[in-house]
Amino acid sequence: TRVAVLISGTGSNMAALIDASQAADSGYEVALVLSNIEGAGGLAIAAAKGVQTVAVPHKLFGKDREAHERAVDAALRAVGVEVVALAGYMRILTPWLVRAWEGRMLNIHPSLLPLYPGLDTHARAIAAGDAEAGCTVHLVTEGVDEGPILGQARVPIVDGDTTASLAERVKTAEHRLYPQVLGDFCKGLARG
Ligand code: GRF
């Protein structure tokens, strides 16, 4: 299955997805890494791993969100992408793009959804006194961080945790969870 990974920044999940895709039975290949930010750190990392990259800067499209997304969609279709994996892609999608990829677009979110949709998830979990945190891979629907859950991983919150220390623990879990869930999802698609 040909997958595109969409990023805005560092792309550590993207890197984990590419690395895991190289295992014989991964179930997917990363055909494209796309960013809305020209010069996003992750683009160079992907290129160094031999993966095709493209920047489609939203800034070029001013306030016309759909025009930007039509350009994103065209870039995906041009390389025969079948499944889209959002990985730190910091844009809220319009209903048009969500519908265009309905059932074939995944996202990873750094909380145990339905807890803490949106930003600052780790600070909120610590402030609430939660005993554990984690991450969720879900299908993308029009409601932000609301789609059907495909998989979750849990980590403990320990005494003295800061948002940084918790974020690091959750990221490690993300890097294991996302390739696993994406691989299973793509194998399921391939089986029909
Ligand atoms: C991750 O925590 C992911 O859950 C969230 O954005 C972050 C992206 O990090 N959606 P990275 O760019 O993959 O390192």
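The values are calculated or read from the model by the stated rules, or taken from the named source; none is laboratory data. As the structure is a computational prediction, the values presented were derived from the model and not from experiment. All Cβ positions, glycine included, derive from the backbone under ideal geometry; neighbour counts span all protein chains shown.
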Counted residues, segment 116-134 - those being part of a loop (DSSP other than H, G, I, E, B), buried (at least 16 other Cβ atoms within 10 Å of the Cβ) and not acidic (Asp, Glu): 1
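The rows are residues; the columns are (1) surrounded by 21 or more Cβ atoms within 10 Å (Cβ to Cβ); (2) within 17 Å of Ile18 (Cβ to Cβ).
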| residue | (1), (2) |
| --- | --- |
| Lys63 | no, no |
| Arg70 | no, no |
| Asp73 | no, no |
| Ala78 | no, no |
| Glu82 | no, yes |
| Ala87 | yes, yes |
| Met90 | no, no |
| Thr94 | no, no |
| Leu106 | yes, yes |
Can you run down the residue pairs with Cβ atoms below 7 Å, 6 or more apart or on separate chains, where the first is in segment 1-16 and over 13 Å from Leu76 (Cβ atoms) and assigned to a loop (DSSP other than H, G, I, E, B) and the partner is among the hydrophobic types (A, V, I, L, M, F, W, C) and near the ligand (Cβ under 7 Å from one of its atoms)? Gly11/Ala87
Go through (1) outside any loop (DSSP other than H, G, I, E, B); (2) within 16 Å of the ligand (Cβ to nearest atom); (3) farther than 29 Å from Gly188 by Cβ for Ala71 and report which single condition fails. (2)
Assess whether Arg99 counts as being charged (D, E, K, R) and either within 16 Å of the ligand (Cβ to nearest atom) or crowded, with 21+ Cβ neighbours inside 10 Å (or both). no
Is segment 23-38 home to any residue that is of a type in the set (S, T, N, Q) and in contact (Cβ under 8 Å) with a residue 60 or more places away in the chain? yes
Which one of the conditions (1) within 25 Å of Gly188 (Cα to Cα); (2) of a type in the set (Asp, Glu); (3) modelled with pLDDT of 95 or more does Asp145 fail to meet, given that it meets all the rest? (3)
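Does Val137 satisfy the condition of being within 14 Å of Ala87 (Cβ to Cβ), within 11 Å of the ligand (Cβ to nearest atom), buried (at least 20 other Cβ atoms within 10 Å of the Cβ) and not acidic (Asp, Glu)?
Values: within 14 Å of Ala87 (Cβ to Cβ): yes; within 11 Å of the ligand (Cβ to nearest atom): yes; buried (at least 20 other Cβ atoms within 10 Å of the Cβ): yes; not acidic (Asp, Glu): yes.
Against the criterion (within 14 Å of Ala87 (Cβ to Cβ), within 11 Å of the ligand (Cβ to nearest atom), buried (at least 20 other Cβ atoms within 10 Å of the Cβ) and not acidic (Asp, Glu)), Val137 qualifies.
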Would you please list the contacts, defined by Cβ atoms under 6 Å and residues six or more apart or on different chains, that run from a residue in segment 152-177 that is near the ligand (Cβ under 10 Å from one of its atoms) to a residue that is at pLDDT 95 or above and of a type in the set (S, T, N, Q)? Glu174/Asn13
Identify, by number, the condition in (1) out of contact with any strand residue (DSSP E or B) (no Cβ under 7 Å at 6 or more places or on another chain); (2) closer than 28 Å to Asp73 by Cα; (3) more than 13 Å from the ligand (Cβ to nearest atom) that Asp130 doesn't meet. (2)
